[in-house]
Amino acid sequence: MAIKTIGVVGAGQMGAGIAQVAAATGRDVILQDIAPEFVERGMATIRGSLDRFVAKGKLPADEAESIRARITPSVEQAPLAKADLIVEAIVENQKIKQELFAELGQLCPPGTILASNTSSISITELGKASGRPAQFIGMHFMNPVPLMELVEVIRGRETSDAACEAVMELAREMGKTPVEANDFPGFVANRILMPMLNEACYALMEGVAEAEAIDTVMKLGMNHPMGPLALADYIGLDTCLSIMEVLHRGFENEKYLPCPLLHEKVAAGHLGRKSGRGFYEYS
Ligand code: 3HC
């Protein structure tokens, strides 16, 4: 199953990172989003990341330029019909993702593999919506995509061996280590990570310690590169809340109840770094 052209739907932080590592394999990439300002922001994210690699001497300037040039931004869905694999990285909402996959299932030739970067939603259910469950798979990248080595690969109930092998091989070519997980809510990464971030919210809400102190304990005490509250801000508090809700609904277990403080922050529009304010303030 040869993958020559890759489509990425959603030009946010994750989609831009996926487009960048996909183009770095030498393939042509179409980066699609619904509004020009979204695709422009995605292209700016990619330029910023490539510039950092160039400035550090990790990437020659001409190679960075070729990577950028292989990415074609688009606000139309039609060009995605040329892709052999499409990775979706839009908002973490099952209904919106299902609608998108139903459209992509109609648009693309039968051989095209559709992948979701969902952090928690059922791959089997998204695959069903696409109308091509054998050609459907989860490809869960970590933020920041250009730096993080893991790709969690999730097979739905009907995902074919060929689609899985193609995606595992592509992840390796992207310089990543793919790890297979089964289709449970939150898979492995977020089943373990999110309850920890949620617990940090409870610790803050209950006054166990200030945000900086909670983060310092986890950084210095557990050698985590970022404290849980800083990491939640980095991921986006709306995304963290959505994932906790998927875990809570999926397992029907109160231990996954999202912290009220997380609800409060999201309701106030304090979504973390992307909105300039979450547990911390960002300029
Ligand atoms: N592109 C290129 N370079 C980048 C970059 C990017 N997007 N982001 C950071 N860098 C570079 C910086 O330039 C810097 O380079 P230098 O050390 O040579 O100067 C280096 O990476 C380190 O960056 P910073 O100094 O800004 O900060 P840190 O040392 O804290 O590193 C980090 C940043 C790599 C993000 C590190 O803090 C980290 O690993 N944090 C944890 C991230 C994590 O857990 N991610 C998973 C989240 S869960 C997820 O994504 C799943 C989802 O479903 C929720």
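Please order His140, His224, His270 by the number of other Cβ within 10 Å, starting at the fewest.
Details: His140 26, His224 15, His270 18.
Ascending Cβ contact count within 10 Å gives the list His224, His270, His140.
Only four residue types carry charge here, +1 at the Cβ of Lys and Arg and -1 at the Cβ of Asp and Glu. Report the dipole size of region 191-275 about the Cα centre in Debye, rounded to the nearest 20. Write down the numbers at each step before the final one.
Details: 7 positive and 11 negative charges, 57 e Å.
Here region 191-275 has a charge dipole of around 280 debye.
Ratio of region 55-108's C-alpha Rg to 2.2 N^0.38 Å, to two decimals?
Dividing the Cα Rg of region 55-108 by 2.2 N^0.38 Å gives 1.56.
If R₀ is 22 angstrom, what is the calculated FRET efficiency for the pair Thr216 and Glu281, using the beta carbon separation as r and rounding to 0.05?
Computed FRET efficiency for Thr216 and Glu281: 0.80.
Specify which residue in the list Ala11, Pro73, Leu50 is farthest towards the positive end of the charge dipole of region 1-119, using unit charges on the beta carbon of Lys, Arg (+1) and Asp, Glu (-1), about the Cα centre.
Leu50
From the P(r) of region 1-60, can you give the percent of Cα pairs sitting at distances over 17 Å?
Details: 701 of 1770 pairs.
Percent of Cα pairs beyond 17 Å in region 1-60: 40.
Of Leu150, Ala230, Met174, which is farthest along the charge dipole of the chain in the positive direction, counting Lys and Arg as +1 and Asp and Glu as -1 at C-beta?
Positive-end residue among those listed: Met174.
Taking the Cβ of each residue in Leu197, Leu150 as the centre, tally the other Cβ atoms inside 10 Å and list the residues starting with the fewest.
On the way: Leu197 22, Leu150 15.
Arranged by neighbour count, lowest to highest, Leu197, Leu150 become Leu150, Leu197.
Quote the Stokes-Einstein diffusion coefficient, in whole µm² s⁻¹, for region 230-281, based on the Kirkwood radius over alpha carbon pairs, a temperature of 20 °C and a viscosity of 1.002 mPa s. All intermediate terms of the calculation are to be shown ahead of the outcome.
On the way: Rh = 11.0 Å.
Once the numbers are plugged in, D ends up at 196 µm²/s.
Output the direction-averaged projected area (hull surface divided by four) of the convex hull of the alpha-carbon atoms of region 1-115, in nm².
Details: hull surface 27.7 nm².
For region 1-115, the mean projected area of the Cα convex hull comes to 6.9 nm².
Taking the Cα centre of region 1-150 as origin, work out the dipole magnitude from +1 charges on Lys and Arg Cβ and -1 charges on Asp and Glu Cβ, in debye rounded to 20.
Working: 14 positive and 16 negative charges, 49 e Å.
In total the dipole reaches around 240 debye.
Where in region 269-283 does the amide nitrogen come within less than 19 Å of the point 7 Å from the Cα of Ala209, taken along Cα to Cβ?
279-281
Expressed in whole Å with the largest first, what are the equivalent ellipsoid semi-axes of the chain derived from the C-alpha gyration tensor as the square root of 5 times each eigenvalue? Mind dumping the intermediate values first?
Numbers: eigenvalues 186, 107, 57 Å².
One finds semi-axes of 31, 23, 17 Å for the chain.
Under the definition of Cα pairs under 8 Å and six or more residues apart, what whole-number percent is the relative contact order of the chain? Mind showing how you got there, number by number?
Values: 523 pairs, mean separation 38.9, N = 283.
Relative contact order comes out at 14 percent.
Taking amide hydrogens as modeled 1.01 Å from N in the peptide plane, which residues meet the under 5 Å criterion relative to Val145, leaving out close sequence neighbours?
Sorted by chain and number, the residues that satisfy this come to none at all.
Can you tell me the orientation of helix 211-222 relative to the chain, as the angle in degrees between its alpha-carbon axis and the longest Cα principal axis, to the nearest 10?
70 degrees
I need the calculated FRET efficiency for the pair Glu165 and Ala44, taking r as the beta carbon distance and R₀ as 25 Å, to the nearest 0.05. Walk me through the intermediate numbers first.
On the way: r = 35 Å, r/R0 = 1.38.
According to the calculation, E is roughly 0.15.
Considering only lysines 8 or more places apart in sequence, or on different chains, count the pairs in the chain whose C-alpha atoms sit under 16 Å apart.
On the way: Lys4/Lys82; Lys95/Lys128; Lys97/Lys128; Lys265/Lys274.
Lysine pairs satisfying the spacing and distance rule in the chain number 4.
So how strong a dipole does the chain carry about its Cα centre when Lys and Arg Cβ are +1 and Asp and Glu Cβ are -1, to the nearest 20 debye?
Dipole about the Cα centre, nearest 20: 400 debye.
Give me the one-decimal nm value for the distance between modelled label points at Ala267 and Val75, 7 Å along each residue's Cα-to-Cβ direction.
3.5 nm
Would you mind ranking Ser119, Ser160 by Cβ crowding within 10 Å, fewest neighbours first?
Numbers: Ser119 25, Ser160 18.
Taking fewest neighbouring Cβ atoms as first place, the list is Ser160, Ser119.
Read the figures in this text as sums done on the coordinates, not as results from a lab. Model, not experiment: these values are computed from the prediction. We place every Cβ from the backbone using ideal geometry, glycine too, and count neighbours over all the protein chains shown.
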